Amino acid sequence: MQSKKLTVRQVSIMAGVPKSTVEDIANEKISPRINTLEELAKGLNIHITDLFDSPYK
């Protein structure tokens, strides 16, 4: 989201995921389900692994 300079609303629309869910994931209030990660990756046109911030990619 940040690297593409997109708002929560834009990501929500692109991925078809509720805005509140995107906000909760971004604020680390919830851990997303795999199907939500797939929807986000597809909507953002990125690999699902790009959604993880880990040294173990």
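The values are calculated or read from the model by the stated rules, or taken from the named source; none is laboratory data. What you are looking at is a predicted structure, and each value in this text was computed from that prediction instead of being measured. Note that we place each Cβ from the backbone using ideal geometry, even for glycine, and neighbour counts take in every protein chain shown. Ligands, DNA and RNA are stripped out before the accessible areas are found, and what is left, the full protein with its side chains, is counted by its heavy atoms. Shrake-Rupley method; radii C 1.70, N 1.55, O 1.52, S 1.80 Å.
Shown are Lys4, Lys29, whose ranking by accessible area with a 1.4 Å probe and every protein chain present, most to least, is Lys29, Lys4.
Per residue, the chain exposes an accessible area of 81 Å² to a 1.4 Å probe, with every protein chain left in place.
Kindly provide the Kirkwood hydrodynamic radius of the chain in Å, to one decimal, from all pairs of distinct alpha carbon atoms. Working shown, then result.
Working: mean 1/r = 0.0878 Å⁻¹.
Kirkwood radius, the chain: 11.4 Å.
Stretched out straight at 0.36 nm per residue, the stretch from Asn27 to Thr7 would grow longer than its current Cα-Cα span by 5.9 nm.
Got a number for carbon plus sulfur as a percent of the chain's accessible area, 1.4 Å probe?
On the way: 2250 of 4610 Å².
Taking all protein chains in place, the chain shows 49 percent carbon and sulfur surface.
Assuming charge only on the beta carbon of Lys and Arg (+1) and of Asp and Glu (-1), the dipole of the chain about its Cα centre is about 160 debye to the nearest 20.
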